[in-house]
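Chemist: Can you keep this structure in mind? I'll have questions shortly.
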């Protein structure tokens, strides 16, 4: 008799669990499945696969291309910095390259690579870079854009003996007219070499 009561108890628990599972499935099905999909599922032929509900997309409006405005455009007339690639030649060799030159606005070294400087007409800046003396490497610079001329450039060696010698390359440029210029330097053996390393890049804005 007690065994029959236990079986009836377990059977009742099982029936309750089944009812809870069915009720929970209905709630989840009704909550997360949109009503329009329920109606569609009921109206379709059971033998056919369920098709997605078609929707209408809004017409795509053409995007008006905006002309990018550079924050530097108000600083002077802008010429194409990719045009007029040239290798400027010195215009003043009266001061030896190893001697200081008066009136230098900026003196830059390797740490200034990637920077942008702003000059006024007539300002002069100089670039000082290192190289290993005794090796066939040397710095060459190209300038694109407008607004700059090379005052002078060259290399010199400092140090007491071969083991303590240091090689220096120096180039000085003068701002002559408003515009933007990009300087690209590389340490190479021949000027035709493309993969020179290290490199030095500088953007110059002349107001």
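A short reminder: the numbers here are calculations on the coordinates, not readings from a lab. Bear in mind the structure is a predicted one, so any value in this text is a computation, not a measurement. Counting neighbours? That spans all protein chains shown, and the Cβs are built from the backbone with ideal geometry, glycine included.
Chemist: Sorting check: for 175-187, 149-161, 102-114, which peptide has the highest mean count of neighbouring beta carbons within 10 Å, and how do the rest follow?
Modeler: Numbers: 175-187: 19.3, 149-161: 14.4, 102-114: 12.6.
Ranking the peptides 175-187, 149-161, 102-114 by packing returns 175-187, 149-161, 102-114.
Chemist: Using the number of other C-beta atoms within 10 angstrom as an exposure proxy, rank 169, 10 with the fewest first. Write down the numbers at each step before the final one.
Modeler: Details: 169 21, 10 10.
Lowest count first: 10, 169.
Chemist: Find the Cα radius of gyration of the range 73-206, compare it with 2.2 N^0.38 Å by division, and give the number to two decimals. Intermediate results must be reported in sequence, preceding the final value.
Modeler: Numbers: Rg = 15.0 Å, N = 134, 2.2 N^0.38 = 14.1 Å.
Dividing the Cα radius of gyration by 2.2 N^0.38 Å gives 1.06.
Chemist: A further question follows. Multiply the residue separation of residue 207 and residue 111 by 0.36 nm, subtract the distance between their alpha-carbon atoms, and state the gained length in nm to one decimal.
Modeler: The span from residue 207 to residue 111 would gain 32.1 nm if fully extended.
Chemist: Let me ask something additional. Label-point separation (nm) for residue 99 and residue 155, each offset 7 Å from Cα along Cα-to-Cβ?
Modeler: Spacing of the two 7 Å Cα→Cβ label points: 2.3 nm.
Chemist: Calculate the FRET efficiency for residue 92 and residue 128 from the Cβ-Cβ distance with a Förster distance of 22 Å, rounded to the nearest 0.05. Walk me through the numbers before you get to the answer.
Modeler: Numbers: r = 18 Å, r/R0 = 0.81.
It comes out at approximately 0.80.
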